[in-house]
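Report on one structure; see the data block that follows.
Just so it is clear, none of the values below were taken in a lab; they were calculated from the coordinates. Being a predicted model, the structure only gives us computed values, none of them experimental. Cβ: placed from backbone, ideal geometry, glycine included. Neighbour counts: every protein chain shown.
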Amino acid sequence: PRNAVAIHLDGNMKNNALENMRWASRQESQNYWRALVTDRAGLPTQQEIQFKLVPNYPGYAAGSNGTIWSCKHGKWRELQPRTDKHSGYKCVTLSKGKVVSYRTVHTIVLEAFKGLKAPGQCCRHIDGNPANNQPENLAWGTPKDNAEDRRKHGREYCGSKQWHSRFN
């Protein structure tokens, strides 16, 4: 048929058996593949990486290696984070409907693997390295715990290290 494409019913592009294929319109094909990708456990697959869906953001997943993935266009792709020049943390842009949010990678990974934060808590990097966003390096804690971590790892800015300190 004109303007039609063949789709694989089991999703396996290498299985070209006649009973596994049928004709579909381009729009139907796109919708089919989008549904197939998200229905397969709803997660991307890679060896030795565990994936969990990001709560409150459909179509996004976090990897156990500290990566964020999107399935917004029918197939999973890794989002490339930007480093925030003020905080030094990696950030990505997530969208939910027409609302777009700029979120830190460590918070997204922690929400996906250990649940949403309780009121009054913040995300802590256990080893003090803001680039290490693996779930085993992240934990929820109080701002006091976070301040103790910064002091322990030498990342606390006090005295002349503060940006607004004055020298007399």
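Counting only residues at least eight positions apart within a chain, or on another chain, the lysines with an alpha carbon under 18 Å from that of residue 72 are 52, 96, 98.
At a Förster distance of 22 Å, what's the computed FRET efficiency of residue 136 paired with residue 99, Cβ-Cβ distance as r, to 0.05? The formula returns an efficiency of 0.10 here.
Take each peptide in 113-122, 63-72, count the other Cβ atoms within 10 Å of every residue, and average; sorted highest first, the result is 63-72, 113-122. In this structure the amide hydrogen of residue 67, modeled in the peptide plane, comes within under 5 Å of no amide hydrogen from residues 5 or more places off or on another chain. Under 11 Å from the 7 Å Cα→Cβ point of residue 153, by amide nitrogen: which residues of the range 48-92? 89, by backbone N distance to the label point. Remark on residue 89: its backbone amide H falls under 5 Å from those of 84, a criterion applied only to residues 5 or more positions apart or on other chains, H modelled at 1.01 Å from N. Relative to the current alpha-carbon distance between residue 19 and residue 3, full extension at 0.36 nm per residue lengthens the span by 3.6 nm. Spin-label model, residue 75 to residue 146: label points 7 Å out along the Cα-to-beta-carbon direction sit 3.9 nm apart. Taking 20 Å as the straight-line reach from the Cα of residue 85, the lysines in range (excluding those fewer than 8 positions away in the same chain) are 161.
Among 123-130, 55-62, 16-23, 83-90, sorting by the average number of other beta carbon atoms lying within 10 angstrom of each residue, highest first, gives 55-62, 123-130, 83-90, 16-23. Near residue 139, the amide H atoms lying under 5 Å from its own belong to 124, 126; only residues 5 or more places off or on other chains count, and H is placed 1.01 Å from N.
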